[in-house]
Each structure stands twice: as C-alpha cells, then as structure tokens.
1. Does residue 216 meet the test of being in contact with a strand residue (DSSP E or B) (Cβ under 6 Å, 6 or more places away or on another chain) and at pLDDT below 95?
2. With within 17 Å of the chain's Cα centre (by Cα), surrounded by 20 or more Cβ atoms within 10 Å (Cβ to Cβ) and within 30 Å of residue 283 (Cα to Cα) as the only criterion, which of 220, 191, 160, 203 stands out?
3. For residue 188, all conditions in the list (1) within 23 Å of residue 278 (Cα to Cα); (2) assigned to a helix (DSSP H, G or I) hold save one; what is the number of the exception?
4. Looking at (1) modelled with pLDDT of 95 or more; (2) under 29 Å from residue 296 (Cβ atoms); (3) not in a strand (DSSP E or B), which one does residue 208 not meet, given that it meets all the others?
5. Of the residues 140, 146, which is free of Cβ contacts under 8 Å to residues at least 40 places away in the same chain and touching a strand residue (DSSP E or B) at 6+ places or on another chain (Cβ under 8 Å)?
6. When the range 223-250 is examined, which residues are found to be in contact (Cβ under 8 Å) with a residue 40 or more places away in the chain, closer than 18 Å to residue 174 by Cα and surrounded by 21 or more Cβ atoms within 10 Å (Cβ to Cβ)?
C-alpha cells in the first residue's frame, strides 16, 4: 500500500515575522461575490481504463503476472504511450493510464511463504484512485540482468504515465502576482493549473490558488477556479495546522493529496513547489504568526518566484499536443452547492462518452474505498465490475 507519510520538503522558510498592516488585511472583502463554475465550462477528461491505446507499442515482452502470493503466470505485455495491453492464452486485456497511476519496485514481505517466486524481480502498477494494483515479475538467469530489465520496465511505464499527464494540461506558468480584474486574488501567493480527481472516472483541470490566512483567522485558503481568469470558483479547501498534505510515492509520480483530495501537478517540480508552499504555510499557522501584510506578501512572492526560477531546468516541456485521454463533453448539469462551499453536479450526462470495456485481469485491491471529491458527476461509463482481490504478496520498497 502506498505510504501516507508526509514527504513534502520544508527546507526554506518564506515567512519572516514582520509588523502587520491592518489596512491591507481587508483587501478584496468588498468585492462582488464570485460566481460558481459551470460544469459545461470545466475542462475534464475520462480516466476510464478501457479507453483505446494510441499508436504502436513502445516496448513489448514476456513478464510474470502475479495472481496470488504463490502463483504467477507468464503473460505478454505491450506498453503504449497511454497504457498497456496484457495477452494470455489468446485473450488480451487493455488498461489505459491516467495521471493517477503510479509505478514502483516491490519485494516479498515473507520470503518463506513466497519461496517459489523468490527469483522474480517485482514491480507494481497502481491505479490508486480505483484501488487496483497489478503486480508483475521479471526473471532471468543472471540476477543483474533481471534487475536491469525491471528498472527499464518501471522507467518506461513511468514515462508513459508522465506523457499522459502532461498532454492534459493547457500551456501555463506558475504565477505569483494577483489579477487586477479579480480582487479575490489580492492575497495570492502562487497559482497554477492542477488536475483534480473528481470521481466517476473523471479528471478535471482546475486553476489552483494558494492564499495565506487573514487577520483573526487560523485558516489558509486553496481556491480552485475554472481557469486563470479566476472569475468562477469550482471548489475550495481550507488549510489548518491539522491538514493532511502528502505526495504519492512512485517513480516520477506527480500526484499529491490534500485533505483526502487527489491532485496531479504537471511535473514533479511543480508538485514539490505546491507541497513546500503549503508546508511553510502550516508552519506559520502552527506558530500563530500574524496575517501577512502587503509588504510581507511581496517578499513571499519574490521567494516563491526564486524557487520557480531555480526549478526551470526540471520543469519539463509540454507533452503531446493532443490529449492522450478522451475529453468529456457535458450536455447539461444541475449544480448544487454543498455546505463546504464546493459544487456538485447532481444530474450530468456526457455528450460523447460511450461505455468502455472494463479490465478483466485479476488484480490486488489495496486500501480502503474513498469517497469522491466535491466535484463528483454521474458518468455514463463506469467500471461496474471490479476484479477480485487475491492476497497481497508484496510490499513497497526502494
């Protein structure tokens, strides 16, 4: 199971203690209430695993598929730019990647009970928002060759997942400056696009903005808008000292979790930047620091922009021009606002989303089921038959 321990970096303190400017604290308070986002305008993609695979295989080969802690079958695996096909006994199963997929090495937890499979080098592909985990093994006469082949499979799968993720983002740069036409952004620290898992096999592109606490409050704010204009609010998350924020652990994984909500950044560098900013904000809340003034915010933004510049070499370029997942077109939706201020589509249909084949391979189901985030829709293409769970035979390792 993926570790939920917080691994965010917190090596830089962006928040010096300076005098509070009371006049600035109320900026934006008299602005016209922001409008809720409309689902018909939100950019969303299907994360159904049964979508068509693109192009020709990037690589193919025989590997072992682990069905239990003592049984494995040799299968033929073909890796595509957006997923993989698994063939066995004349039948083929295809699994399309989403940004919420991770890959990593594993090893047996109890060598005594798994003696028949000890020669295998194990790795897993974890569709964590579906709680589905597939374990594969690589064998060779030479242990060094087996390890090399495993690392190559892991690297290639991670690269494919990364291409899928990058293909969904519109062009943008991390922004620290407020928007003159949107008073609600006056206290912005940083903003940029993220992918949000909104349930029912849907990933939604949202424009996230982090703002610090205000005078008399012990909560920072993460607002998510329809786009960078910040005119329509889709959802918001209030951050406290007790907020749970951590990254998902996988090779080249860009996913992170905030208060039970799953997100994906465009790159690992951007994920680290979001988590570092949130971590530093929580430190200030924990120390009961005063709300930052206008001058304070200018210093904070300058520090964040310096971090962005230092990460420019690791901010990879955009992926393919065409999105590698099927875009969702909404015909209509009725939006209701929940108690926490987020919005929910109670009745929504998809204009061009046909039912897709579900993955029929046996897979380990890991973790407890989780409720969908506040942006939840009723999809016409749902995975109605989840595979059974054999005993989990591996644990994560690095």
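The values are calculated or read from the model by the stated rules, or taken from the named source; none is laboratory data. Just so you know, these numbers come straight off a predicted model, no measurement behind them. Positions of Cβ are generated from backbone atoms using ideal geometry, with glycine treated the same way; all protein chains shown enter the neighbour counts.
1. Criteria not met by residue 216.
2. Within the list 220, 191, 160, 203, the selection yields 191.
3. (2)
4. (3)
5. On the way: 140 fails: touching a strand residue (DSSP E or B) at 6+ places or on another chain (Cβ under 8 Å).
Testing whether each residue is free of Cβ contacts under 8 Å to residues at least 40 places away in the same chain and touching a strand residue (DSSP E or B) at 6+ places or on another chain (Cβ under 8 Å) leaves just 146.
6. The answer is 225, 226, 230.
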